[in-house]
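Student: Just dropping this structure here.
Just so you know, all these numbers are worked out from the coordinates, no wet-lab data involved. Because the structure is predicted, anything quoted here is derived from the model rather than measured. Ideal geometry is used to build each Cβ from the backbone, glycine not excepted, and the neighbour counts take in all protein chains shown.
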Amino acid sequence: MIARSILLLSWGLLVSAQSKSRAFFVFSDSLFNNGNYNFLATTARADAPPYGIDYPTHRPTGLFSNGLNIPDIISEQIGSEPTLPYLSPELKGNKLLIGANFASAGIGILNDTGFQFVS
C-alpha cells in the first residue's frame, strides 16, 4: 500500500510539474553546483579540464562534474531551461522566474566550513 501511494504521489508530481511552469531553486553542495564559483575570487574552480568533458559542449562550465548534474536533468524533464547560478549577472527578469541555483562546493553547516576555498 505504501509503495502504491508513493508511486501515485510521484506520478502526480510529474504530471503537475509538466502541466504548470514553476520556478526551480536549488540549495546543495558541489554535486549540484552549476558554476557559482565562476563569479567568485576563489581557488575552488571547475573551469578547466577534465571538468565538462561529458557536458553537451564538451567544455568546462563551472560544474563540479564532467557532465550534466541532477538539477540539469530535472530541468530537462520538466521542460524548463537549466537554472542559472545565483551569482550570474544573467539572472534577472524572466530568467529569475525559471529559478536559481544556490548550490556551493564546500558548503557545510559550520561558519568555517569551506574557508580554505576563499582567498
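Student: Extending each Cα 7 Å along its Cβ direction at Leu87 and Thr57, get the distance between those two points in nm, one decimal.
Tutor: 1.7 nm
Student: At 0.36 nm per residue, minus the direct Cα-Cα distance, what do Thr43 and Asn66 gain on full extension? Give it in nm, one decimal, please.
Tutor: 6.4 nm
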